[in-house]
Each structure stands twice: as C-alpha cells, then as structure tokens.
Amino acid sequence: MKCPVCEKAELKKGKIREIMFGTDLGEFPALICANCKESFTDEATTRQIEKAAKKKGIWGLGKTTKIAKAGNSIVVRIPKPIADFLRIKAGQEAFVHPEKDKLVVEAR
Ligand SMILES: [Zn+2]
C-alpha cells in the first residue's frame with residue numbers, strides 16, 4: 001500500500017513509540033512510510049493506545065479552554081482534570097513564558 005500522505009513510498013510494517021503529553025505509552029505495531037515517516041495504526045492498535053493512555057491517567061487531558069480578560073491581563077482557565085493530574089491548586093505561584101508559539105505554564 002502506498003503512503004496516503006506523500007504518495008511516494010510503500011508503507012512497511014514497523015513499530016512506533018507513542019508519546020502522549022510527554023508520557024511514554026510504549027511501542028505499538030504500525031505501518032510506516034519510508035519517505036515521510038508518517039505512521040498508521042489499525043483500529044485494534046488505536047484502542048490499545050487509548051487503553052494505555054487511560055491506564056496512565058492521561059486520556060482526554062487535552063482540552064479546549066477559553067481565554068478570558070481580567071484587567072490588563074488575560075486569564076487561561078485550566079480544566080479540573082488537568083489541574084488534578086498536575087496537582088496544581090488555585091493560589092499557587094506559576095512561571096509563565098513563551099516557547100516558540102506556545103505558552104508554557106510551570107506551576108511551582
Ligand atoms: Zn509518506
């Protein structure tokens with residue numbers, strides 16, 4: 001089967017290391033493109049990855065949040081499951097800085 005992304009190479013059986021939110025979920029079988037390195041997993045493997053993420057308590061931790069205005073600053077609400085996972089509490093100090101085009105919040 002040709003790679004559906006770049007259409008330049010055949011997909012070959014291999015293994016991928018799945019990292020979700022910086023947490024290593026282990027290796028899983030996948031079809032990998034030799035050209036663009038894009039990888040594809042079947043439904044059973046996708047379920048396995050989901051199961052591994054749930055076991056580590058990180059499944060569904062990526063959430064959409066609204067940025068609100070507060071005086072001259074803007075406020076990013078951190079959803080409760082993420083706050084609980086990272087043990088961040090209201091009133092805690094945090095170091096906030098940009099990293100390329102991302103916002104990094106380091107609770108201390
Ligand atoms: Zn490709």
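Every residue, every condition in (1) free of Cβ contacts under 8 Å to residues at least 24 places away in the same chain; (2) closer than 22 Å to residue 82 by Cα; (3) in contact with a helix residue (DSSP H, G or I) (Cβ under 6 Å, 6 or more places away or on another chain); (4) surrounded by fewer than 16 Cβ atoms within 10 Å (Cβ to Cβ), yes or no:
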| position | (1), (2), (3), (4) |
| --- | --- |
| 2 | yes, no, no, yes |
| 6 | no, no, no, yes |
| 11 | no, no, no, no |
| 14 | no, no, no, yes |
| 41 | no, no, no, no |
| 50 | yes, yes, no, yes |
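Results for (1) surrounded by 10 or more Cβ atoms within 10 Å (Cβ to Cβ); (2) without any contact (Cβ under 8 Å) to a residue 60 or more places away in the chain; (3) touching a strand residue (DSSP E or B) at 6+ places or on another chain (Cβ under 9 Å); (4) not acidic (Asp, Glu), shown as yes or no for each residue.
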position: 71; (1), (2), (3), (4): no, yes, no, yes
position: 82; (1), (2), (3), (4): yes, yes, no, yes
position: 89; (1), (2), (3), (4): no, yes, yes, yes
position: 95; (1), (2), (3), (4): no, yes, yes, yes
position: 102; (1), (2), (3), (4): no, yes, no, yes
position: 105; (1), (2), (3), (4): yes, yes, yes, yes
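For segment 75-94, give me the residue count where each residue is closer than 19 Å to residue 21 by Cβ and either of a type in the set (A, V, I, L, M) or in a strand (DSSP E or B) (or both). Write out each step before concluding.
Applying the first criterion (closer than 19 Å to residue 21 by Cβ) to segment 75-94 yields 76-88, 94.
Then keep just the ones that are either of a type in the set (A, V, I, L, M) or in a strand (DSSP E or B) (or both); that gives 76, 78, 82-83, 86, 88, 94.
The qualifying residues number 7.
Residues that are more than 27 Å from residue 104 (Cβ to Cβ), at pLDDT 95 or above and not assigned by TED's automatic domain parsing to the domain that holds residue 77 do not occur anywhere in segment 16-23. Within segment 52-74, the set of residues being assigned to a helix (DSSP H, G or I) and either within 30 Å of residue 1 (Cα to Cα) or touching a helix residue (DSSP H, G or I) at 6+ places or on another chain (Cβ under 9 Å) (or both) comprises 52, 53. Among the residues of this structure, residue 28 does not count as one that is under 17 Å from the mean Cα position of the chain (by Cα), more than 16 Å from the ligand (Cβ to nearest atom), within 28 Å of residue 98 (Cα to Cα) and among the aromatic types (Phe, Trp, Tyr).
The values are calculated or read from the model by the stated rules, or taken from the named source; none is laboratory data. The shown structure was predicted, so the numbers you read here are calculated from the model rather than taken from an experiment. Positions of Cβ are backbone-derived with ideal geometry, glycine not excepted, and every protein chain shown enters the neighbour counts.
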